[in-house]
Amino acid sequence: MLFGKTKYVSSASLSVLAWRKFKKNKQGVWSLAFVVLTIIIAILGYLVTPDSTPSANDQHLELALKKPGFSVTMIPVKKENPPASSSIFTKMLWGQKNRVTFLPVNKYRIQGDSLMLEEYSDPPLSVPAEQKILRSQTEAPVKRTFWLGTDRFGRDYLSMLLIGTRISLSVGFISVFISLVIGIFIGALGGFFRGWIDTLVVWFINVIWSIPTLLLVISITFALGKGFWQVFIAVGLTMWVEVARVVRGQILSIREKEYVEAGRALGFSNFRIIFHHILPNIMGVVIVISAANFASAILLEAGLSFLGIGVQPPMPSWGSMIKENYGYIVLDSAYLAILPGIAIMLLVLAFMLIGNALRDALDVKTSVS
């Protein structure tokens with residue numbers, strides 16, 4: 001009662017109240033905006049990268065280890081058998097092979113129906129050698145800027161960094177999905193039925209929990225083989241334990257509630273009681289755990305790629321980019337290893353802050369103004 005009037009709060013407004021509480025957490029809001037931006041970049045993929053070739057693998061060895069902001073003139077030379085053009089959707093997902101060969105030059109001049117090219121070298125040769133190409137075999141020269149420089153193979157580092165977001169987000173989504181499916185199922189069985197089923201579930205959880213996570217992931221990766229999907233499955237199969245433990249504990253605490261007893265009295269099946277009445281009441285805790293597991297999955301994938309048993313080249317991954325360039329940390333190209341490390345740190349931090357904000361927003365014990 002409030003001044004003689006009853007204040008009603010509909011169940012449909014609970015999500016609205018949680019969102020209001022979440023918006024008051026500035027760190028959580030900024031982290032969510034950062035994650036959304038990262039997801040957009042990952043979805044658009046090759047449509048937003050300077051190098052739109054598959055895996056951003058357009059190599060120019062003469063342009064190796066160039067500093068951020070480096071610019072060079074490129075002469076597009078037509079190929080005899082250019083690849084077919086891809087649709088926008090195909091290019092977005094898989095990239096598009098170059099229809100021309102880009103030839104970096106120091107300078108060029110037009111001589112009749114030909115172009116006289118001085119191929120790029122740094123420093124320029126004292127006696128430069130010119131190459132003659134018919135103008136009909138070339139397209140208009142372009143000036144290309146490598147905003148984050150190039151790696152040791154002359155690949156655009158910004159493109160590799162952007163495509164690397166796909167790996168980190170993909171392993172997070174897929175591994176968390178796998179862990180939720182397994183963890184919720186096993187935890188619900190043990191918490192609801194108790195008895196020998198619960199004993200078996202607890203024993204199995206303790207056995208998996210006692211194995212170091214990284215060693216377990218490495219073992220599963222060796223069993224499944226190296227590759228893109230194998231990493232996702234390996235990480236997902238090791239992250240369900242915490243989900244199962246929390247789900248079991250939550251169900252144990254509410255399985256004797258009145259609405260559960262009412263469901264039994266009405267003759268509802270155990271499946272319906274678990275999935276339609278109990279699980280919706282504990283999903284807040286599961287969502288918070290999922291945010292933390294998302295961050296853990298990103299770190300695990302980066303660690304596997306750094307060890308060389310994760311995503312395989314030439315597909316760019318932040319972990320493999322650190323591995324390929326950590327030797328330059330003591331040189332003047334330390335940014336090649338630092339930039340993917342910062343990207344991992346920012347994405348992991350964002351998910352951890354989102355998890356903390358969700359925990360506070362979904363806490364029914366705190367008041368909402």
Residue satisfying condition, being under 24 Å from GLY183 (Cα atoms), in contact (Cβ under 8 Å) with a residue 40 or more places away in the chain and either part of a helix (DSSP H, G or I) or not basic (Lys, Arg) (or both), within set VAL243, VAL311: VAL243
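Quick check on the range 261-282. Is at least one of its residues touching a His at 6+ places or on another chain (Cβ under 7 Å) and in a helix (DSSP H, G or I)? Show your work before the answer.
First pass over the range 261-282, keeping only residues touching a His at 6+ places or on another chain (Cβ under 7 Å): 263.
Cutting the leftovers down to in a helix (DSSP H, G or I) gives us 263.
Within the range 261-282, one or more residues are touching a His at 6+ places or on another chain (Cβ under 7 Å) and in a helix (DSSP H, G or I).
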Which listed residue is in contact with a strand residue (DSSP E or B) (Cβ under 9 Å, 6 or more places away or on another chain) and either touching a residue at least 24 places away in the same chain (Cβ under 8 Å) or not assigned by TED's automatic domain parsing to the domain that holds ASN293 (or both), from LEU61, LEU103: LEU103
Filter result for the condition that a residue is modelled with pLDDT of 90 or more, in contact with a helix residue (DSSP H, G or I) (Cβ under 8 Å, 6 or more places away or on another chain) and not β-branched (Val, Ile, Thr), over GLY236, GLY191: GLY191
Criterion violated by SER179 - all others in (1) crowded, with 19+ Cβ neighbours inside 10 Å; (2) at pLDDT below 95; (3) within 21 Å of SER71 (Cα to Cα); (4) among the polar types (S, T, N, Q) satisfied: (3)
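In the range 348-357, is there at least one residue being without any contact (Cβ under 8 Å) to a residue 40 or more places away in the chain and either surrounded by fewer than 24 Cβ atoms within 10 Å (Cβ to Cβ) or not acidic (Asp, Glu) (or both)? So that I can check it myself, show each step before the final result.
Initial filter on the range 348-357 (without any contact (Cβ under 8 Å) to a residue 40 or more places away in the chain): none.
No, the range 348-357 contains no residue that is without any contact (Cβ under 8 Å) to a residue 40 or more places away in the chain and either surrounded by fewer than 24 Cβ atoms within 10 Å (Cβ to Cβ) or not acidic (Asp, Glu) (or both).
Just checking, which of LEU224, LEU237, LEU215 is surrounded by 14 or more Cβ atoms within 10 Å (Cβ to Cβ) and either over 24 Å from VAL202 (Cα atoms) or without any contact (Cβ under 8 Å) to a residue 40 or more places away in the chain (or both)?
When all the criteria are applied, what remains is LEU224.
The values are calculated or read from the model by the stated rules, or taken from the named source; none is laboratory data. None of these values were measured; they are calculated from a predicted model. A quick note on method: Cβ atoms are made from the backbone with ideal geometry, for glycine too, and the neighbour counts reach across all protein chains shown.
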